[in-house]
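This report concerns only the one structure given below.
The values are calculated or read from the model by the stated rules, or taken from the named source; none is laboratory data. All of these numbers come straight from a predicted model, not from anything done at the bench. Methodologically, a virtual Cβ is constructed for each residue, glycine included, from the backbone with ideal geometry; neighbour enumeration extends over all protein chains shown.
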Amino acid sequence: MKNEKISIETHGDQSPGYVAGNFTVNQTIVHQYKESKKKQWRELDEITYPAIIDDQERRMKYGVQLAFHLHRTFKETGYIRFVSLFSLKKVEVKDDIHPIYDLFSHQVRFIGSLRETWKYLWESSLPEDPRRKYQEDLNKELMNLYETWSLDLRMPFVERLAPWLFIYDPDGKKISITVPPFISTNPSEYPDKLRTTSEMLTLLTAIIRSPIVDFGNLSCIRSHYPLFKLFLELLDNKSWEPAKIRINAADYEEWDYINLAADNEVGRYSQTNNKA
């Protein structure tokens, strides 16, 4: 997915109905542009699961594994809530079509936990006995979680990017993977005004599936430089690229969007005003 370009479908000259405006550079944007240069950024992470057969049993097994690895990853951290993107893909292998579950997330530790387990279990070059023992121990841990915690796994398995809301609640002994309760193309309608990676990913899925996109209050977009850059890309190209999304290596809920044309404009504006 990282190298894909996500196009936005249009339906006529005025579609997808962008609410355009005067996107001028201001001092807030210049300040955020300079601050972003001081941070270390990394890409979102992605992990695929070869489902072999896509049926209810396999989907439930996949969901339980996600829930279990949420527990493994965050049991020492406490309550956490985040959105990741899922898509059901079909790949051709030796003239056969096989389903693939593709998860795209900024919660890198969570993806790393899944990757570690699946790599060990599926690595045929490793001795069989240790892998069998690992699977047995894993099953015991998983069964204990299943018997003592509440699991709510209601996720849509669709052939497009869909937002999945992950909630890990150790105090309430609950884990849920569902759809976000609120999805909109308008940044100002989100509680954190698109300042978090989770909200940004949710908004992108809303834009993909909406024939008409209302960006709402443009001052909200102009107040946050990553959002400013993302929306310039949407306005200019009617598309966005997953590979251009990046996250703060020290805070996964802080995001940025690579838009070199916007950076160049802000850089020129900054230099001109410094000379004035």
Do you know which residues across segment 238-267 are under 21 Å from the mean Cα position of the chain (by Cα) and either among the polar types (S, T, N, Q) or in the same structural domain as His106 (by TED's automatic domain parsing) (or both)?
-> Ser239, Asn248, Asn259
Subset of segment 222-265, residues among the aliphatic types (A, V, I, L, M) and farther than 18 Å from Glu199 by Cβ, comes to Leu232, Leu235, Ala243, Ala249, Ala250, Ile258, Leu260, Ala261, Ala262
Just name the residue that is modelled with the highest pLDDT out of those in segment 165-214 that are among the charged types (D, E, K, R), surrounded by fewer than 16 Cβ atoms within 10 Å (Cβ to Cβ) and under 24 Å from Phe228 (Cα atoms).
-> Asp192
For segment 81-139, which residues satisfy the criterion of being modelled with pLDDT of 95 or more and part of a loop (DSSP other than H, G, I, E, B)?
-> His106, Gln107
Return yes when Arg160 is closer than 23 Å to Leu232 by Cα and either surrounded by fewer than 16 Cβ atoms within 10 Å (Cβ to Cβ) or under 16 Å from the mean Cα position of the chain (by Cα) (or both) and no when it is not.
-> no
Going through segment 15-38 one residue at a time, which ones are modelled with pLDDT of 55 or more, small (Gly, Ala, Ser) and either assigned to a loop (DSSP other than H, G, I, E, B) or exposed (fewer than 15 other Cβ atoms within 10 Å of the Cβ) (or both)?
-> none
Looking at Lys37, is it among the basic types (Lys, Arg), assigned by TED's automatic domain parsing to the domain that holds Ala250 and more than 21 Å from Glu123 (Cβ to Cβ)?
-> yes
Does Thr178 meet the test of being in contact with a strand residue (DSSP E or B) (Cβ under 7 Å, 6 or more places away or on another chain), touching a residue at least 60 places away in the same chain (Cβ under 8 Å) and more than 22 Å from Ile29 (Cα to Cα)?
-> no
In segment 129-150, which residues are in contact with a strand residue (DSSP E or B) (Cβ under 9 Å, 6 or more places away or on another chain) and surrounded by fewer than 16 Cβ atoms within 10 Å (Cβ to Cβ)?
-> Ser150
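Within segment 63-74, does at least one residue satisfy the condition of being in a strand (DSSP E or B) and either of a type outside the set (S, T, N, Q) or on the phi > 0 side of the Ramachandran plot (or both)?
no
For (1) assigned by TED's automatic domain parsing to the domain that holds Met155; (2) touching a Cys at 6+ places or on another chain (Cβ under 9 Å); (3) free of Cβ contacts under 8 Å to residues at least 24 places away in the same chain; (4) not basic (Lys, Arg), each residue gets a yes or a no:
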residue	(1), (2), (3), (4)
Ile53	yes, no, no, yes
Arg59	yes, no, no, no
His69	yes, no, no, yes
Phe86	yes, no, no, yes
Lys90	yes, no, no, no
Val93	yes, no, yes, yes
Tyr101	yes, no, no, yes
Leu114	yes, no, no, yes
Across segment 155-194, what is the number of residues that are on the phi < 0 side of the Ramachandran plot and assigned to a loop (DSSP other than H, G, I, E, B)?
-> 21
